[in-house]
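One structure is given below, encoded as structure tokens.
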Amino acid sequence: LKMYHKTMTLAPRMNQLFPRNFLLRGGAFPLLLSSQQVYKDQVRKSGTAAFRRPEDFIQPIAVCRHKPNMTNYITELEVSRNDDEESYLSTKNYKRLPVNLNNDPKGNKVYLWYKDGTGPGITRIQFSFTDSMAEGLNAIGFHKIDKNLNTGRCGDNVFLWYCKGNGESHVPITKIELSRDDEARKFTDSWERLACNLNRGAAGDCAFLWVKREKKTYIQKIQITDHSDNDEDLFKNGYIRVDESTNRGTSGKPVFLWYLPTTKEEGNYVALQVSINDEEYQRYQNEGYLPVTPPVDLNAGNQGEKVYLWYKLEDPDQKPIQTITLLYNLKFISEFEKVGVTVLRKNLNSGDGCPCFPATPLYLGYYN
């Protein structure tokens, strides 16, 4: 190494370049050497040079550096709510997603920004619109962007949280996009649709965030909760929460779906079903479906039938499920079905809303 450093400081004169790897004292250095003092016959025959005298190092060395192909990950997220914040984020090399999240034409524009690079990358993006949804995220160490995404009229306060996790279930995110019109075709290119409407409860169009990961993931397990007591443990164990309650707009308990992703294709869920009465409960049991355990009524705390989720494991005729989401705009359901999304056309949210704000119909969709 002393000889190498001495060489790098010599005069920048090059008479001849030999594009080879030369062996220095038994170790291969990816160097291009220029020297008329080396043992030329040995170099020509084997590409190996033995340097014994200081005068051998009278010519400079050109070092070849090959930049490897590195995957770019989403590494940081931010939100701007005015021109000053936009200018600041631009100077910090953030990139802006082009969708204004504020539906109020008289209000300030709200944009989501991101940074990308070689890592470490963000592996989870979650949202909260109630205090109880935020508890588990805060306890596990998610980073909260403390700026309301939903500043339109009458909407819920929606906050974005993210983390950079490790392990099989934490696959880095490489791309993110926002859509106003539910671009169902994205499912065919391994995008995941995050179920929370970022303009939840506000007038105007919906807004959804889509993410794409470094590798395809598949669903190996689903859990359902009707309280937030276990949120911290579920996040800690690698689960992703579907950030919309199946009891939205009702007097029932907040009920959330959770799923555990994996990069392995074997041993995963291949089909889902929903039973909304005793007859269907028995039928799916006879057809080899298994109930999600512990069983939680997706209509918990409301009047009406009990609603349960069922699944099937490996089947040679079916691909594993890659992602699930909740849909509530009936006019888009057929568009999802056209691209291969299986939509279970049974309302998960048949609870009792109020006359002014009836319960929002919700349908479960999944993509194999």
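For the range 88-128 and the range 285-352, write down the distance between their C-alpha centroids in whole Å.
Cα centroid of the range 88-128 versus Cα centroid of the range 285-352: 32 Å apart.
What is the sum of charges, Lys and Arg at +1 and Asp and Glu at -1, for the other residues whose Cβ falls under 15 Å from the Cβ of VAL296?
-1
Assuming R0 = 30 Å, what is the FRET efficiency of LYS236 and LEU313, from their Cβ-Cβ distance, to the nearest 0.05?
Working from the Cβ atoms, E equals 0.75.
What is the local net charge at LEU326, summed over the other residues whose Cβ is closer than 10 Å to its Cβ (Lys, Arg +1; Asp, Glu -1)?
Overall, the nearby charge balance is 0.
Cα-based Rg of the range 153-266 per 2.2 N^0.38 Å, rounded to two decimals? Don't skip to the end; give the middle numbers.
Values: Rg = 15.0 Å, N = 114, 2.2 N^0.38 = 13.3 Å.
The range 153-266 yields a ratio of 1.13.
Compute the convex hull volume of the Cα atoms of the range 270-331, divide it by the residue count, and report the result per residue in Å³ as a whole number.
In the range 270-331, the Cα convex hull volume per residue is 130 Å³.
What net charge do the residues around ASP104 carry, taking every other residue with its C-beta under 13 Å from that of ASP104, with Lys and Arg at +1 and Asp and Glu at -1?
+3
How compact and how long is the range 218-368, expressed as Rg and Dmax of its alpha-carbon atoms in Å?
Expressed in Å, the Cα Rg and Dmax of the range 218-368 come to 15.1, 48.
With a probe of 1.4 Å, find how much accessible area the range 248-368 has per residue, and write the answer as a whole number in Å². Write down the numbers at each step before the final one.
On the way: 5990 Å² over 121 residues.
With all protein chains present, the range 248-368 gives 50 Å² per residue.
In whole angstrom, note down how far apart the Cα centers of the range 267-283 and the range 152-227 are.
Taking the Cα centre of the range 152-227 as reference, the centre of the range 267-283 is 25 Å away.
The values are calculated or read from the model by the stated rules, or taken from the named source; none is laboratory data. Everything numeric in this text was worked out from a predicted model, so none of it was measured. Glycine gets a Cβ as well: all are built from the backbone with ideal geometry, and neighbour counts include every protein chain shown. Surface areas here come from the heavy atoms of the whole protein model, side chains and all, with no ligands, DNA or RNA. Shrake-Rupley method; radii C 1.70, N 1.55, O 1.52, S 1.80 Å.
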